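A.B. asks: Quick one: this structure, given as structure tokens, is what I'll be asking you about.
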Amino acid sequence: MGPASTYEIHQLTTLEEFSAVVRLQREIWGFQDVELLPRRLFVVASKIGGQLLGAFDDSKMVGFCLCIPGLKPNGKPYLHSHMLGVLPPYRNTGLGRRLKLKQREYALEQGIDLIEWTFDPLELKNAFFNIERLGAIVRRYVHNQYGTTSSHLHGGLPTDRLIAEWWLQSPRAVAVGGEGERSFGGDPAEARISVPADIAETRLKDPGLARKVQADIGEQFQNHFERGLAVTGFERNNTEGVYLLSLWPSK
């Protein structure tokens, strides 16, 4: 695969493109048909202020991301980034990051300064990407957000999720907002939550043990978030990934 900069990214607008996104969901996550987002949802999202971006290698769509508009209880508008996926041969090329930066660009053009999304706290690569490569923070943990799914990537575990907050005009987001692969260094940590690096293998071989790890870190996150801490950094090595938490002002 070529570098990410060689792939075209644009807003999707046609029924043919929306159908291609439905097919990509099957290829990327292995969802059963009942769990696929339907084409009509993409039609609606594209017409009510959402975003549906596609990444193309020549004429072949190889990745996409979907945002839908949301409204906070205080009336603040934001975007919820519900899904981002890249076909396996195109992973680790920087394409996912380019999709997110394009997402940020379009949001700022709309006057939106906040994008949120959920991610699996056991997926250490995603955690590093969201926190260090994009500058997102995390202050919320949700138990079994989507129920148990058919995706092989979820390993039959409850879909516990962290909620990433990407404040698009914050110094964190601006610091990493270019095309380079810079990391954002987090604030000094007041707490640390460790996840074993081999958790993906454990999820496949010993789901019971993986569930215990999941439950334990979930309890740790809830306790620290109740104290007013937020995830502001992430470190990883050959044996573990570590969430770094520090005090964060309420928004």
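A.B. asks: Looking only at residues that are closer than 17 Å to W166 by Cβ and outside any loop (DSSP other than H, G, I, E, B) in segment 44-62, which one is modelled with the lowest pLDDT?
C.D. replies: Restricting to residues being closer than 17 Å to W166 by Cβ and outside any loop (DSSP other than H, G, I, E, B), the top hit is Q51.
A.B. asks: Any idea which residue in segment 2-15 is modelled with the lowest pLDDT, counting only those that are farther than 20 Å from I68 by Cα and either part of a helix (DSSP H, G or I) or charged (D, E, K, R) (or both)? Working first, answer last.
C.D. replies: Filtering segment 2-15 down to residues farther than 20 Å from I68 by Cα leaves 2-8.
Going one step further and asking which of them are either part of a helix (DSSP H, G or I) or charged (D, E, K, R) (or both), we end up with 4-6, 8.
On the way: A4: 63, S5: 71, T6: 85, E8: 95.
For segment 2-15, the residue satisfying everything is A4.
One line per residue, one yes/no per condition, for (1) over 30 Å from D206 (Cα atoms); (2) at pLDDT below 95; (3) not in a loop (DSSP other than H, G, I, E, B):
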{"position": "F64", "(1), (2), (3)": "yes, no, yes"}
{"position": "P121", "(1), (2), (3)": "no, no, no"}
{"position": "F128", "(1), (2), (3)": "no, no, yes"}
{"position": "Y146", "(1), (2), (3)": "no, yes, no"}
{"position": "S151", "(1), (2), (3)": "no, yes, no"}
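A.B. asks: If you take the residues in segment 21-37 that are in contact with a strand residue (DSSP E or B) (Cβ under 9 Å, 6 or more places away or on another chain) and crowded, with 17+ Cβ neighbours inside 10 Å, which one is nearest to G94 (Cα to Cα)? Even if it seems obvious, please write down each step before you answer.
C.D. replies: Kept after step one, since they are in contact with a strand residue (DSSP E or B) (Cβ under 9 Å, 6 or more places away or on another chain), are these residues of segment 21-37: 21, 23-25, 27-29, 37.
Filter once more, keeping what is crowded, with 17+ Cβ neighbours inside 10 Å: 21, 24-25, 28-29.
Working: V21: 20, L24: 18, Q25: 20, I28: 17, W29: 19 Å.
Top of the filtered list is I28.
A.B. asks: Right, something else. For the structure I just gave you, tell me whether L41 is aliphatic (A, V, I, L, M), in contact with a strand residue (DSSP E or B) (Cβ under 9 Å, 6 or more places away or on another chain) and assigned to a helix (DSSP H, G or I).
C.D. replies: Against the criterion (aliphatic (A, V, I, L, M), in contact with a strand residue (DSSP E or B) (Cβ under 9 Å, 6 or more places away or on another chain) and assigned to a helix (DSSP H, G or I)), L41 qualifies.
Per-residue answers, yes or no, for (1) of a type in the set (A, V, I, L, M, F, W, C); (2) at pLDDT below 95; (3) part of a helix (DSSP H, G or I):
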residue	(1), (2), (3)
S183	no, yes, no
D187	no, yes, no
I193	yes, no, no
A200	yes, yes, yes
R203	no, yes, yes
I217	yes, no, yes
Q222	no, no, yes
F225	yes, no, yes
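A.B. asks: When you look at G30, is it modelled with pLDDT of 95 or more and more than 14 Å from H82 (Cβ to Cβ), yes or no?
C.D. replies: For G30, the condition - modelled with pLDDT of 95 or more and more than 14 Å from H82 (Cβ to Cβ) - is not met.
A.B. asks: Answer yes or no as to whether R98 is crowded, with 19+ Cβ neighbours inside 10 Å, among the charged types (D, E, K, R) and farther than 27 Å from G30 by Cβ.
C.D. replies: Values: crowded, with 19+ Cβ neighbours inside 10 Å: yes; among the charged types (D, E, K, R): yes; farther than 27 Å from G30 by Cβ: no.
In short, no.
A.B. asks: A further question follows. Kindly indicate whether V231 is in contact with a helix residue (DSSP H, G or I) (Cβ under 7 Å, 6 or more places away or on another chain), among the β-branched types (V, I, T) and surrounded by 13 or more Cβ atoms within 10 Å (Cβ to Cβ).
C.D. replies: For V231, the condition - in contact with a helix residue (DSSP H, G or I) (Cβ under 7 Å, 6 or more places away or on another chain), among the β-branched types (V, I, T) and surrounded by 13 or more Cβ atoms within 10 Å (Cβ to Cβ) - is met.
A.B. asks: Looking only at segment 67-86, decide whether some residue is among the β-branched types (V, I, T) and under 17 Å from H10 (Cβ atoms).
C.D. replies: To start, the set of residues in segment 67-86 that are among the β-branched types (V, I, T) comprises 68, 86.
When the remaining residues are screened for being under 17 Å from H10 (Cβ atoms), the result is 86.
Within segment 67-86, one or more residues are among the β-branched types (V, I, T) and under 17 Å from H10 (Cβ atoms).
A.B. asks: In the list G111, G135, which residue meets the criterion of being buried (at least 18 other Cβ atoms within 10 Å of the Cβ) and part of a loop (DSSP other than H, G, I, E, B)?
C.D. replies: Result of the check over G111, G135: G135.
The values are calculated or read from the model by the stated rules, or taken from the named source; none is laboratory data. These numbers come from a predicted model, not from an experiment. A quick note on method: Cβ atoms are made from the backbone with ideal geometry, for glycine too, and the neighbour counts reach across all protein chains shown.
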